[in-house]
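Read the structure below first, then the notes.
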Amino acid sequence: MLSGFKNFIMKGNVVDLAVAVVMGTAFGAVVTALVNKVLMPFISGLVGAPNFDSFAKVNLNGNAIEFGVLLTAIVNFLLIAAAIYFVVVMPMNMMIERRNRRLGINKDVKKDAAEDPQVALLTEIRDALKDRAI
């Protein structure tokens, strides 16, 4: 029973997932600081308010409907998505592309294989055999 647990814990997927969760949590603090302390104050300087919570308030039979809170959440989401894209995804893609060029790795290997006449011939043979089986 304990050996099964040991095998489960020592699998690469569990360790990789644990590392990803810890790194994601740490990186979340970086993204939050970027959005809250850099981007939102910049937008606040342009717009004149730190958020849009007080924007478009409607009072309906004594109930406050606050469209500005939704707008603030949407802006925060877009800022976080942009921060992740421009700070992590784009540089990582450029780094991978540069490494692949240096190593001579062609990214479109699947396209080249599909254009290969032998692959096309084998595909036709497979399709013909499929049609005969019916």
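Could you do me a favour and compute the accessible area per residue for the range 22-84, 1.4 Å probe, result in Å²?
Heavy-atom accessible area per residue stands at 70 Å².
Roughly how big is the chain's charge dipole about its Cα centre, with Cβ charges of +1 (Lys, Arg) and -1 (Asp, Glu), in debye to the nearest 20?
440
With every protein chain kept in the model, how would you rank Leu121, Leu39 by accessible area, 1.4 Å probe, largest at the top?
Values: Leu121 100, Leu39 50 Å².
Highest to lowest solvent-accessible surface, that is Leu121, Leu39.
Give me the distance in nm between label points sitting 7 Å out from Cα along the Cα-to-Cβ direction at Val88 and Ala73, one decimal.
2.2
Report the convex hull volume per residue for the chain, counting only C-alpha atoms, in Å³.
Numbers: hull volume 51.8 nm³, N = 134.
Spread over its residues, the Cα hull of the chain gives 386 Å³ apiece.
Once the whole set of protein chains is in place, how much accessible area is left on Phe77, using a 1.4 Å probe, in Å² to the nearest 10?
Phe77 exposes around 140 Å² with every protein chain in place.
Using a Gaussian network model on the chain with a 10 Å cutoff between Cα atoms, which of Val38, Val19, Val89 fluctuates the most?
The residue with the greatest mean-square fluctuation here is Val19.
Keeping every protein chain in place, order Phe5, Phe27 by accessible area at 1.4 Å, biggest value first, i.e. largest first.
Phe5, Phe27
Would you work out what percent of the accessible area of the chain, with all protein chains in place, is carbon or sulfur (probe 1.4 Å)?
68
Ile65 to Lys11: extension gain in nm, 0.36 nm per residue of separation minus the Cα-Cα distance? Intermediate values should be presented prior to the final figure.
Details: separation 54, 0.36 × 54 = 19.44 nm, distance 5.05 nm.
Gain on extension, Ile65 to Lys11, equals 14.4 nm.
Would you mind pulling out the separation of the Cα centroids of the range 8-41 and the range 53-83, in Å?
27
Taking +1 at the Cβ of each Lys and Arg and -1 at the Cβ of each Asp and Glu, which of Met92, Phe55, Leu2 sits farthest along the dipole of the chain towards its positive end, judged by Cα position relative to the Cα centre?
Positive-most Cα among the choices belongs to Leu2.
Given labels modelled 7 Å from the Cα in the Cβ direction, how far is it in nm from Ala56 to Arg132?
6.5
The values are calculated or read from the model by the stated rules, or taken from the named source; none is laboratory data. Keep in mind that this is a model prediction, so the values were computed, not measured. Neighbour counts are summed over all protein chains in view; Cβ atoms, including those assigned to glycine, are modelled from backbone coordinates with ideal geometry. Only protein heavy atoms, including side chains, enter the accessible area calculation; ligands, DNA and RNA are left aside. Shrake-Rupley method; radii C 1.70, N 1.55, O 1.52, S 1.80 Å.
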